[in-house]
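Here the structure comes first, spelled out in structure tokens, and everything after it is commentary.
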Amino acid sequence: MRSRNPEQEPVAGGGLLHRRALLVAGGLSLGAVEVTARESGGSAAPAWMRTQGAPLSGYGGRAPAAEKIERIVGDLSFPSSGSSRTPLQLLAGTITPSSLHFERHHGGVPAIDPTRHELLIHGLVKRPLIFRFEDLLRYPTETRILFLECSGNSGALGAAKPEQVSAGALHGLLSGTEWTGIRLSTLLDEAQVSSDGRWVQAEGADAAAMARSVPLAKCLDDALIALYQNGEPLRPEQGYPMRLLLPGYEGNTSIKWLRRLKVMANPAFSREETSKYTDLLPDGRAEMFSLAMGVKSAILQPSFGLDLRDPGYHQISGLAWSGRGRIRKVEVSADGGKSWAEAALTEPVLSKALTRFTIPWAWSGGPAVLMSRATDETGAVQPTRSDWQARYKGGRGYHNNSIQAWGVDRHGRVSHVYA
């Protein structure tokens, strides 16, 4: 029997519906339990309504349902170097709680005394300057919602066989945050950059003295010296008391615990931009300074560990992002890429920020392969896994923005598959 509403008709193979279908669902059974008039009235108040609640607290606690949501901690063989990932599949919206923002450390988290920490701007400048933390607090601040992604995120998609792990384990070196800080251009203007300055080397105050070279043009554009994260001072693992933030660039360049900015005529070609964080090509050459993260998306629900219980109407949900601007559209396939339907984007759709997408799906109970494909405002389209692999030398783990697929079997079990 055909639906009386055309928006409840499939728009692509596998049962994908128009992105507005559930907004006009009238009559669809989406999981609500119908009750009789007798059941809906006169029931006794539950126990929590018959006693006073907990008192005020100095710092808010977590809801019981969230107590077990934690970062996915990686190999601890070298405790001071490693990563922990955001459990993306267990979260909603686009802002990552500060306590769940992914971590990537090369020399552990330094215990910095903010009263002694200083930021030096020197090199090809007319006025070398030192800024203490309290000095920066005098400057006008700017707040922006931005994603941060490690260039090694989704590197497991290059494995010979698909790893059976959660969406967070695959893509969780990614988080979305409201950052507040000072425009770096303001400080560079005070230092008076020389005309031959073209690059800036940023260095952190961790035990690894992490350092990266970034174009001066980026520093003068939208770079921030971030002091606050989601409204409170930066957490130690995110760079307290100050970090560099380069919107849209690979996370390794947004140096934490920032202590030095040296203006130079050329890149420094440090270890982190020669032997690491470079893109090997099939002919043996390497692309360097591939800094802006490519357009990308990932389906988070359903995903591995979040199986479907019954056939019927479900909502497919995920995130999309691009280091070059706003997401223009996200398409979803339920038949392994044979056909695609456009998903709804949750407003606001911001530049260089995470964008939530959703699409209703009438799962018939048969096998399905779910995929998402993002397009950004520059027209760049997320590549297939095979196209991405053809561009780079095998075994490479950086900047993987290829399309990832989830297989759903007739029992509703979800697994990571290559399509």
Given ALA169, ALA160, ALA205, which one is at pLDDT below 95 and either under 21 Å from the mean Cα position of the chain (by Cα) or of a type in the set (A, V, I, L, M) (or both)?
ALA160
Of the residues that make up segment 281-288, is at least one at pLDDT below 95, open to solvent by less than 60 Å² (accessible area, probe 1.4 Å) and among the hydrophobic types (A, V, I, L, M, F, W, C)?
yes
Within segment 218-268, strands (runs of 3 or more DSSP E) holding 3 or more residues that are in contact (Cβ under 8 Å) with a residue 24 or more places away in the chain and aliphatic (A, V, I, L, M):
224-229, 258-264
Out of THR274, THR253, I need the residue that is modelled with pLDDT of 95 or more and of a type in the set (Ser, Thr, Tyr). Which one?
THR253
Would you tally the residues in segment 126-167 being free of Cβ contacts under 8 Å to residues at least 40 places away in the same chain and among the acidic types (Asp, Glu)?
2
LEU244 vs. criteria under 17 Å from LEU173 (Cα atoms), hydrophobic (A, V, I, L, M, F, W, C) and either open to solvent by less than 20 Å² (accessible area, probe 1.4 Å) or touching a helix residue (DSSP H, G or I) at 6+ places or on another chain (Cβ under 7 Å) (or both):
no
I need the full set of residues from segment 334-358 which are in a loop (DSSP other than H, G, I, E, B), in contact with a strand residue (DSSP E or B) (Cβ under 8 Å, 6 or more places away or on another chain) and surrounded by fewer than 22 Cβ atoms within 10 Å (Cβ to Cβ), in order please.
GLY336, GLY337, SER339, TRP340, THR346, VAL349, LEU350
Candidate set from segment 7-29 (those that are at pLDDT below 85 and assigned to a helix (DSSP H, G or I)); member that is least open to solvent (accessible area, probe 1.4 Å)
ALA21
So the check is Cβ under 8 Å with 6+ separation or different chains; which pairs have a first residue in segment 276-299 that's within 24 Å of LYS218 (Cβ to Cβ) and assigned to a strand (DSSP E or B) and a second one that's of a type in the set (Phe, Trp, Tyr) and open to solvent by 50 Å² or more (accessible area, probe 1.4 Å)?
ASP279/TYR398
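The values are calculated or read from the model by the stated rules, or taken from the named source; none is laboratory data. All of these numbers come straight from a predicted model, not from anything done at the bench. We place every Cβ from the backbone using ideal geometry, glycine too, and count neighbours over all the protein chains shown. Ligands, DNA and RNA are stripped out before the accessible areas are found, and what is left, the full protein with its side chains, is counted by its heavy atoms. Shrake-Rupley method; radii C 1.70, N 1.55, O 1.52, S 1.80 Å.
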